[in-house]
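Some notes on the structure that comes next.
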Amino acid sequence: MELLFNLLSLYYVYRSVRLAVELWQQRQRLRVEPLSRWQVHAGEQAAFFLAVPVAVAVHELGHAVAIWAYGGEVVQFAYRFFWGYVLPRGSFTLEERWIIAVAGTAGSLLAGLAIWGAGHLSRSSALRYFGRRALRLQIFFSLIYYPVFSAIGLFGDWVTIYRFSATPLLAGVMAGVHAGLLLAYWWADRRGAFEMPAVEHAAGAARLAHLRREAAAGRDPEAQLELADLLQAAGAPRQARRALEAYLARFPRSPRAMVRLAVLDAGGRRQIPRRAARNAERALAFGLHEPSERALAHSLLAARLQDMGRPKEALPHLDQAIQAAVLGPTPSNQARLLRRRAEVHRQLGQRAAAYQDATSGLRLAQAAGDTAEGAQLEALVRDLERAGP
């Protein structure tokens, strides 16, 4: 196990050094405001490859400090950038061993808080985002991943922390604290506390700030919907959900808000969740008038039915989606819907209908300059041609 972790550490160090060099070379780009998609990606990478080694060092140092505090000796301090261990020597009570074990996790969380605090005080949006993601990652590693790893591997700090037979009172207190911290983390994450919307231009940032003010004041309800759209497009889906939930609290039968909530529930997943389909159904039942929104709701329902292995029931929804798409969405979206209907026709053994949809979709994709969708449709057309009549 140690050999495997050491090999992984070599790769980790390689990626960390590469990222550090790249960010240094692009340091001027990191200073550009407002926060961009590239900066968001850089922040995610830095939180994993640059902040984690710092937190691991503080984690192991936390163990060492606790050992020294109780008169022990550190006979080995192993640091491998993304993992490590400390071997103590000394006579410790069960309670002292418990505190030594907890000190590592406390160090990781303090490191995450320190990185977040430094970023929070910065004027740079990129550094503020990096701080948020670094803290989120340390909470996840310290309170979820490491406890689960200890439970599965039967070694690690959390085996000592939750040894009820040795320290029942301390383990019980920690169980309550652990549950409370996890609940606080879930609540903050659900509210989008670790997100920051990324917009490419100052005008977009100004518009976002204006919509936030309007939504907070409650003067213009439609600002809440526009805010949700902008937040979702800017890569802050949890904040977008909060905006939609606030709107639905005032207008619970709003079809426009409901279809947006369905899209958030789908979240780009390969399989559409039940709740997304349910909200799409509600949006249609409440009365969607915008063609693009009707197309979206029907396409979500069709995808859900396809996932459930019910292509015959999915087909009418795709028909409705395509009919609405002609009036609303771009040719690229029409091409995507035609490809999906072609796949359903093929599932049902309707090759002629599938071929017609695939070729029509290919023409639309080519006209829209959508090379990715066009490539999928070209492959589908070839497959149908090889299958013969």
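The values are calculated or read from the model by the stated rules, or taken from the named source; none is laboratory data. This structure is a prediction, so every number in the text was calculated from the model and none was measured. Here the Cβ is made from the backbone with ideal geometry for all residues, glycine too, and neighbour counts use every protein chain on show. Areas reflect the complete protein model, heavy atoms only, side chains present, ligands, DNA and RNA absent. Shrake-Rupley method; radii C 1.70, N 1.55, O 1.52, S 1.80 Å.
Within the chain, the longest run free of exposed loop sites, counting chymotrypsin sites (Phe, Trp or Tyr not before Pro) that sit outside DSSP helix and strand states (H, G, I, E, B) and have at most 14 other Cβ atoms within 10 Å, spans 165-389. For region 182-306, the percent of C-alpha pairs falling in each 5 Å distance bin, counted from 0 to the bin holding the largest distance, reads 2, 11, 19, 21, 20, 15, 8, 2, 0. If you roll a 1.4 Å probe over region 186-315 with all protein chains in place, what percent of the accessible area is carbon or sulfur? Carbon and sulfur together cover 51 percent of it. Placing a pseudo-label 7 Å from each Cα along the Cα-to-Cβ vector at Arg275 and Arg219 gives an inter-label distance of 3.4 nm. Taking a quarter of the surface of the Cα convex hull of region 43-134 gives a mean projected area of 5.9 nm². The value for the chain of Rg(Cα) / (2.2 N^0.38 Å) is 1.25. Solvent exposure of the chain, expressed per residue, is 53 Å² of accessible area, with all protein chains present and a 1.4 angstrom probe.
The length gained by stretching the chain between Glu22 and Gln356 to full extension, at 0.36 nm per residue less their Cα-Cα distance, is 115.4 nm. Report the GluC sites (Glu not before Pro) located in region 167-241 that are in a DSSP loop and have at most 15 other Cβ atoms inside 10 Å of their Cβ, or state none. Counting only loop positions with at most 15 other Cβ atoms within 10 Å, the GluC sites (Glu not before Pro) in region 167-241 are Glu200. For the options Ala249, Ala233, Ala205, a Gaussian network treatment of the chain with springs between C-alpha atoms closer than 10 Å singles out Ala249 as fluctuating the most. Looking at region 163-224, the trypsin sites (Lys or Arg not before Pro) that sit in a DSSP loop and have at most 11 other Cβ atoms within 10 Å of their own Cβ are Arg219.
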